[in-house]
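The values are calculated or read from the model by the stated rules, or taken from the named source; none is laboratory data. Computed from a prediction, not measured in an experiment: that's the story for all the values here. Note that each Cβ is placed from the backbone with ideal geometry, even for glycine, and that neighbours are counted across all protein chains shown. Side chains included, ligands, DNA and RNA excluded: accessible areas come from the protein's heavy atoms. Shrake-Rupley method; radii C 1.70, N 1.55, O 1.52, S 1.80 Å.
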Amino acid sequence: MQVNPALASEARKVLDLNKSERHIRGGLATKEKYLHQSRNLA
């Protein structure tokens, strides 16, 4: 199997961006989770 260097480079850019933003999405998901929990308790 051969690797297409141009395609591999594009994939690496996307994966690096996703990795750099992952902690932000996780924090937003946690915030949303607790907002829904507090609404259900009230």
For SER38, only one of the following conditions fails: (1) open to solvent by 70 Å² or more (accessible area, probe 1.4 Å); (2) at pLDDT below 90. What is its number?
(1)
From the options ARG25, ARG12, residue that is at pLDDT below 95, part of a helix (DSSP H, G or I), surrounded by 10 or more Cβ atoms within 10 Å (Cβ to Cβ) and charged (D, E, K, R)
ARG25
Condition test on LEU17, is it modelled with pLDDT under 90, open to solvent by less than 100 Å² (accessible area, probe 1.4 Å), of a type in the set (A, V, I, L, M, F, W, C) and in a helix (DSSP H, G or I)?
no
